[in-house]
1. Name the pairs whose Cβ atoms lie under 7 Å apart, with the first residue in region 130-141 and at pLDDT 85 or above, the second outside any helix (DSSP H, G or I) and of a type in the set (A, V, I, L, M, F, W, C), and 6 or more positions between them or separate chains?
2. Among (1) under 22 Å from L28 (Cα atoms); (2) of a type in the set (F, W, Y); (3) modelled with pLDDT under 80, there is one condition Y65 misses while meeting the rest; what is its number?
3. Quick one: how many residues across region 22-46 are under 23 Å from R81 (Cα atoms), of a type in the set (G, A, S) and exposed (fewer than 15 other Cβ atoms within 10 Å of the Cβ)?
4. Name the helices (runs of 4 or more DSSP H) wholly inside region 1-91 in which the number of residues that are in contact (Cβ under 8 Å) with a residue 60 or more places away in the chain is 1 or more.
Amino acid sequence: MRLSTKGHYGLKAMFDLAMHYGAEPIPLKLVAERQSLSEHYLEQLIAVLRKAGLVKSIRGAQGGYILARPPAEIKVGDVIRALEGPIAPLDCVSEQEPTLCEKVDYCISRDIWAKVRDSIAEVLDSITLEDMCREAEKAGQCHKSAD
């Protein structure tokens with residue numbers, strides 16, 4: 001299973017919003033600059049994240065984006081599923097509406113792929129945005145500020 005830039009960049013943007021959670025709304029331009037992302041592409045990703053209920057947009061001169069819930073309540077898996085769809089190394093073991101093939105009753109490798117899916121989902125669902133912020137602060141990679 002390979003994530004696309006949607007999942008990768010979307011998670012970077014959500015991490016940025018989490019690092020500044022509780023501050024004023026953050027303009028996308030600032031998130032794009034801090035995370036070295038295309039602002040245009042980020043606009044597309046944020047629209048999907050907003051529709052999924054993970055971010056809120058605030059209009060006006062001091063407008064921008066904020067997380068819809070505290071960082072401790074948003075899992076990495078929530079972000080990845082919103083942007084990439086259900087977690088599945090193959091369509092036949094998709095989390096939602098798996099595609100069944102004619103070999104479903106005797107496919108020996110299907111169980112392996114289901115275990116891979118479950119392992120990936122378990123990891124993604126065990127890490128919150130708050131966990132990511134805590135790790136970044138511990139590593140000294142980022143600091144909380146109102147930038």
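The values are calculated or read from the model by the stated rules, or taken from the named source; none is laboratory data. Computed from a predicted structure; not experimentally measured. Here Cβ is always computed from backbone atoms with ideal geometry, including for glycine, and neighbour counts include all displayed protein chains.
1. A136/C142
2. Single failed check for Y65: (3).
3. 2
4. Those helices (runs of 4 or more DSSP H) span 5-19, 28-35, 76-84.
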